[in-house]
Amino acid sequence: MTAPPEVTGSAADADPEAALQGMPKKAIQGRSLGQIAWLRLKRDKVAMAGAVVIVLLVLVAIAALLADRVFDVVHPNEFHQDLIDTENGTLAPKGALGGMSGAHPLGIEPVNGRDILARIFAGSWISLLIASLATLVSVAIGTTMGIIAGYFGGWVDTLISRAMDVFLAFPLLVFAMALVGVLPDNVFGLSPEMVRIGLLIFIIGFFNWPYIGRIVRGQTLSLREREFVDAARSLGARGPYILFRELLPNLFAPILVYATLLIPTNILFESALSFLGVGINAPTATWGGMLSDASRFYTMPHFMLWPGLAIFVTVLAFNLFGDGLRDALDPRAR
Amino acid sequence: MSTKTESAAADRRVGDDLLVATDLQKHFPIRRGLLQRQVGAVQAVDGLTFSVRRGETLSLVGESGCGKTTTGRLLTRLIEPTGGKITLDGRDITHLSMGSMRPLRRDIQMIFQDPYSSLNPRHTVGTIVGAPFRLQNVKTEHGVKRAVQDLLELVGLNPEHYNRYPHEFSGGQRQRIGIARTLALRPKLIVADEPVSALDVSIQAQVVNLLEDLQNEFDLTYVMIAHDLSVVRHVSDRVAVMYLGKIMEVADRTALYERPMHPYTVALLSAVPIPDTARRENRERIRLQGDVPSPINPPSGCRFHTRCWKAQEVCKTKEPLLVDLAPGHQAACHFPENKDKVTTSPVG
């Protein structure tokens, strides 16, 4: 539908001023709100630090996923019982600081002697994968429900809003424990690990959508009263056009911000589930599972330090980035 | 070109009725309680009868809350009328479905009040002004982009601003973008809902003049919703004065401004600021007592009787009808002003 590129070219030739300057006349390109937000975000050092940490974490997670198969490094599930002090009965690692050494920079676990750094790396992809996919599920359901509730109003809104209340009041932890207990290890021919990952994504994602849903509903309520919606309607626009072309682009910013802030919540939730033993099964390394293991060795708190630090840094990075994103996208709301 | 200038002559051809509203009503229900029972209704528009002639500018004036904007939204069928009838070009559009209304939307378009709210902040100017073509599936000779750029030029904007976003423009420029969008489908009737009231006074004149130029060029018919009586006097051919969802008086601009018949119009006009201090001292300023009554429970009889200095017993019981008191001059009042002055020369 757009004009062919020759048109602009010939228009430039026809313009005497442009010809005089001997410069190709470039069409004035406006900065979109997104581009402006990006410029603003780039100046926010804290948010950018958060972004750098997130990028590093993602790289580590991908590397860990590949290292399992491709590289020949310390395996996260490999026992190093030769490094365990079996004589005094505590089964603590030999050497100071939890067995830190060149081969095991963060030390090894008590009893089995598994490498902590390798397990932290191995746990990173599970945490990030579950948290981000669960967020995606929440965003998809929440946005759809929120926009429908906000735009159509009336009994549709009442129905969806009450459903949100029910979901928010749902005893999620108990439900997760029960579901994990009931579900068989092998469904659809998937490995038990994949079933668990899928289950966690479903539970976390499916019960967190009301948070996104409420925000989207509220934004839609205020947006649909704006005159540009009336303008579209007076041009004969149908419902789907208004929802997806007029309203959705305006909802993109709040959705992005709350998705970024939902990821750390989901990481914490996944860790909590793993800590309680209803998350990913042993021996697969997860940060929550490592914390759970370490809690039995409270006399040696440094084993809790590393997975705790990993969760802390990840959550902090996402939160800082999310806050920066919010400031960048909506500077008036500061 | 020559035909355009001919038709652009000051004495625009004012023809037959393009749009007729008959006893138009809009009541917004008030619902309360668990079962959402209707306990009352805001009678925003309650029985309007008027017609808009081809090529003219009819202004709807009145204070806030009198139903001007609701009327505009009824005419463009953004909201469903509770009662009455709207005919556009002889066709009844009162209760047309969304689908049947769609092709007719090319003929009737709207200019919105707030240029900061009427343009989607996430769309480029090209997308905004091009939306009518896409939504109505209109084929353009040289593509949508060319058509949009022509429109931008028409409303006095740089066509190279095609890729810019609304936030990069001033209020006046934004309103021009809105006008370009309105003009895209070459409508016959444009409902302009307070098109300049959100703008700087210095910009208002520019936009008003633009609207007038466009009217001459494209033979547009305007329904102008406004509360600024100076602007109304400048742009209108005829003026309808509204109060609490009813039309109080309809007349040609000069007749209305010089020989207002309804006491409410007299009061409104007396509130217009006069820049000339000498003249200001000579005029009688009418101060209305009290507030506008609630449209949920409007006064009986004449709706203006609670604030009218001429009100008598009959005004409380009998509603005055909108009748011809002079040629082309209708008013709804039992005791109209200036009735005997009709034949005399205009009063300064």
Filter region B:169-190 down to residues that are outside any helix (DSSP H, G or I) and more than 9 Å from chain A (Cβ to nearest Cβ) and give me whichever is nearest to residue B:127 (Cα to Cα). B:169
Of all residues being at pLDDT 90 or above and not in a helix (DSSP H, G or I) in region B:144-168, which is nearest to the chain's Cα centre (by Cα)? Just the residue, please. B:155
If we scan region B:142-149, do we find a residue that is within 8 Å of chain A (Cβ to nearest Cβ), more than 30 Å from residue B:230 (Cα to Cα) and surrounded by fewer than 16 Cβ atoms within 10 Å (Cβ to Cβ)? yes
If only one of A:202, A:252, A:206 is facing chain B (nearest Cβ under 10 Å), aromatic (Phe, Trp, Tyr), surrounded by fewer than 17 Cβ atoms within 10 Å (Cβ to Cβ) and over 29 Å from residue B:75 (Cα atoms), which one is it? A:252
Among (1) in contact (Cβ under 8 Å) with a residue 40 or more places away in the chain; (2) more than 7 Å from chain A (Cβ to nearest Cβ); (3) under 18 Å from residue B:165 (Cβ atoms) - the single one residue B:126 does not satisfy: (1)
Odd one out for residue B:112, checked against (1) closer than 28 Å to residue B:254 by Cβ; (2) outside the structural domain of residue B:246 (by TED's automatic domain parsing): (1)
Limited to region A:54-67, what total is found for residues that are under 15 Å from the mean Cα position of the chain (by Cα) and either farther than 15 Å from residue A:132 by Cβ or not assigned by TED's automatic domain parsing to the domain that holds residue A:320 (or both)? 1
Taking residue A:138 as the residue in question, decide whether it is at pLDDT 85 or above, crowded, with 19+ Cβ neighbours inside 10 Å and either of a type in the set (S, T, N, Q) or not assigned by TED's automatic domain parsing to the domain that holds residue A:270 (or both). yes
Test result for residue B:196, more than 12 Å from chain A (Cβ to nearest Cβ), under 25 Å from residue B:69 (Cα atoms), within 17 Å of the chain's Cα centre (by Cα) and buried (at least 22 other Cβ atoms within 10 Å of the Cβ): yes
Please pick out the residue among A:211, A:298, A:258 that is under 30 Å from residue B:127 (Cβ atoms) and assigned by TED's automatic domain parsing to the domain that holds residue A:323. A:258
Note on region B:80-89: residues within 14 Å of another protein chain (Cβ to nearest Cβ), under 20 Å from residue B:16 (Cα atoms) and part of a loop (DSSP other than H, G, I, E, B) are none
Among the residues of region B:110-123, the number that are more than 7 Å from every other protein chain (Cβ to nearest Cβ) and surrounded by 24 or more Cβ atoms within 10 Å (Cβ to Cβ) is 2
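Residue by residue, here is whether (1) of a type in the set (S, T, N, Q); (2) within 30 Å of residue A:118 (Cβ to Cβ); (3) buried (at least 23 other Cβ atoms within 10 Å of the Cβ); (4) in the same structural domain as residue A:308 (by TED's automatic domain parsing) holds:
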residue	(1), (2), (3), (4)
A:238	no, no, no, yes
A:245	no, no, no, yes
A:267	no, yes, yes, yes
A:270	no, yes, yes, yes
A:274	yes, yes, yes, yes
A:278	no, yes, no, yes
Given B:231, B:208, B:201, which one is at pLDDT 90 or above and among the hydrophobic types (A, V, I, L, M, F, W, C)? B:208
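Results for (1) in contact with a Phe, Trp or Tyr (Cβ under 6 Å, 6 or more places away or on another chain); (2) away from every other protein chain (no Cβ under 13 Å); (3) outside any strand (DSSP E or B); (4) touching a residue at least 60 places away in the same chain (Cβ under 8 Å), shown as yes or no for each residue.
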position: B:69; (1), (2), (3), (4): no, no, yes, yes
position: B:78; (1), (2), (3), (4): no, no, yes, no
position: B:94; (1), (2), (3), (4): no, yes, yes, no
position: B:130; (1), (2), (3), (4): no, no, yes, no
Need the failing condition index for residue A:225 against (1) within 14 Å of chain B (Cβ to nearest Cβ); (2) touching a Leu at 6+ places or on another chain (Cβ under 8 Å), just the number. (2)
Evaluate region B:244-252: report whether one residue or more is in contact (Cβ under 8 Å) with a residue 60 or more places away in the chain and either surrounded by fewer than 23 Cβ atoms within 10 Å (Cβ to Cβ) or outside the structural domain of residue B:70 (by TED's automatic domain parsing) (or both). yes
Residue identified as under 26 Å from residue B:74 (Cβ atoms) and surrounded by fewer than 18 Cβ atoms within 10 Å (Cβ to Cβ) among B:276, B:291: B:291
Failed item, numbered, when residue B:209 is tested on (1) surrounded by fewer than 19 Cβ atoms within 10 Å (Cβ to Cβ); (2) in contact (Cβ under 8 Å) with a residue 12 or more places away in the chain; (3) under 15 Å from residue B:230 (Cβ atoms): (2)
With respect to the numbered conditions (1) modelled with pLDDT of 90 or more; (2) at the interface with chain A (Cβ under 10 Å from one of its Cβ atoms); (3) surrounded by fewer than 20 Cβ atoms within 10 Å (Cβ to Cβ), which one is the sole condition not fulfilled by residue B:107? (2)
Consider region B:253-268. How many of its residues are in contact with a strand residue (DSSP E or B) (Cβ under 6 Å, 6 or more places away or on another chain) and buried (at least 24 other Cβ atoms within 10 Å of the Cβ)? 5
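The values are calculated or read from the model by the stated rules, or taken from the named source; none is laboratory data. Model, not experiment: these values are computed from the prediction. Neighbour counts are summed over all protein chains in view; Cβ atoms, including those assigned to glycine, are modelled from backbone coordinates with ideal geometry.
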